[in-house]
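Worksheet for the structure shown next.
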């Protein structure tokens, strides 16, 4: 499953970083579904005060209830071994 998030217009880099950090917290640590994670992030961070940009995800209706699965095994990322939760 692939999903992408973006802001819908230019946004301050620090604000984008804050939104991305919050979104990842909801998705990975709290295991929230995509729609809930984006909704919660927007409640916390809000739209950009200047450009009024908001956080979006695609394909929207196909991944509304998608939850990132836990990593249960080891894998290699950029030539580095990453240990999964069962290691």
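The values are calculated or read from the model by the stated rules, or taken from the named source; none is laboratory data. Note that the structure is a prediction, hence the values are computed from the model and not measured. So basically every Cβ, Gly included, is an ideal-geometry build from the backbone, and we count neighbours across all protein chains shown.
Brief remarks on what is shown
- Residue list for segment 50-65, restricted to those being surrounded by 10 or more Cβ atoms within 10 Å (Cβ to Cβ) and outside any strand (DSSP E or B): 50, 51, 52, 53, 54, 59, 60, 62, 63, 64, 65
- Taking the listed residues 68, 28, the one that is in contact (Cβ under 8 Å) with a residue 40 or more places away in the chain and assigned to a loop (DSSP other than H, G, I, E, B) is 68, with no other qualifying.
- Within segment 4-38, the set of residues being under 30 Å from residue 72 (Cα atoms), exposed (fewer than 14 other Cβ atoms within 10 Å of the Cβ), over 9 Å from the mean Cα position of the chain (by Cα) and at pLDDT 80 or above comprises 17, 29, 30, 31.
- Listed conditions (1) touching a strand residue (DSSP E or B) at 6+ places or on another chain (Cβ under 7 Å); (2) touching a residue at least 24 places away in the same chain (Cβ under 8 Å); (3) within 22 Å of residue 15 (Cα to Cα) are all met by residue 42, apart from (2).
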